1. Here's a check for you: in region 113-132, which residue that is in contact (Cβ under 8 Å) with a residue 24 or more places away in the chain and more than 16 Å from the ligand (Cβ to nearest atom) is surrounded by the fewest Cβ atoms within 10 Å (Cβ to Cβ)?
2. Do we have THR93 as open to solvent by 70 Å² or more (accessible area, probe 1.4 Å), at pLDDT 90 or above and of a type in the set (S, T, N, Q) here?
3. Which numbered condition in (1) more than 21 Å from ALA30 (Cα to Cα); (2) among the small types (Gly, Ala, Ser); (3) open to solvent by 60 Å² or more (accessible area, probe 1.4 Å) is the only one that ALA150 fails?
4. Taking the condition of being of a type in the set (Val, Ile, Thr), out of contact with any Pro (no Cβ under 7 Å at 6 or more places or on another chain) and under 16 Å from HIS32 (Cβ atoms), how many residues in region 119-160 meet it?
5. Taking the residues in region 14-60 that are at pLDDT 95 or above and of a type in the set (Val, Ile, Thr) as candidates, determine which candidate is surrounded by the most Cβ atoms within 10 Å (Cβ to Cβ).
6. Does GLY10 fit the bill of being within 28 Å of ARG134 (Cβ to Cβ) and modelled with pLDDT of 80 or more?
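The values are calculated or read from the model by the stated rules, or taken from the named source; none is laboratory data. Note that the structure is a prediction, hence the values are computed from the model and not measured. Cβ placement follows ideal geometry from the backbone for every residue including glycine, while neighbour counts extend to all protein chains displayed. In case anyone asks, the SASA skips ligands and DNA or RNA and just uses the protein heavy atoms, side chains included. Shrake-Rupley method; radii C 1.70, N 1.55, O 1.52, S 1.80 Å.
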Amino acid sequence: MILSTHAVVGGAIASFMPGHPVLAFVIGAASHFAIDAIPHVDYPLHSISVKRSATSALTLNWLLVQDLGLITLDACVDLAIVLWLYASPGATTAVLAGALGAMLPDPLQLLHKLYPREPLRSLQRFHAWSHTKRRLSWPLGVSAQLSFVALVVGLRAILA
Ligand SMILES: [Zn+2]
């Protein structure tokens, strides 16, 4: 799942609890695992993988730099979109916390690669377990994810 889907869901949930950024962060993080369970397509990362079989060694090379650049760009664009969608005076902190919490488990995988010890090891095991084993093809996966984001944005607009 690309980070934007997680960020939009986390931000949308957080917008319902503007005075509770810590709760928004925790619920955002929990939503990550629920959404990862939905069959989807991930953009190809060359150095980082959620797969249990992936090697634990992470070497600093051009592929890692490319992956980090892609993740950072994705996260920044997503935060901007979520703030544009849901930030309001009094809700900005919670929306930011919800979106960051929802994205956090993915960068923690990278941290687990660098530091494969507890509690990151258990978290990685849970992440791999909760993540769907079904990979969709690119066109189907991308359109399913865009539809899901549109559904979340639409539901939030109706419920707000
Ligand atoms: Zn994930």
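1. Selected residue: LEU114.
2. Answer is yes for this residue.
3. If we test ALA150 against (1) more than 21 Å from ALA30 (Cα to Cα); (2) among the small types (Gly, Ala, Ser); (3) open to solvent by 60 Å² or more (accessible area, probe 1.4 Å), just (1) comes out false.
4. Here the count works out to 2.
5. Among those that are at pLDDT 95 or above and of a type in the set (Val, Ile, Thr), it is ILE27.
6. For GLY10, the condition - within 28 Å of ARG134 (Cβ to Cβ) and modelled with pLDDT of 80 or more - is met.
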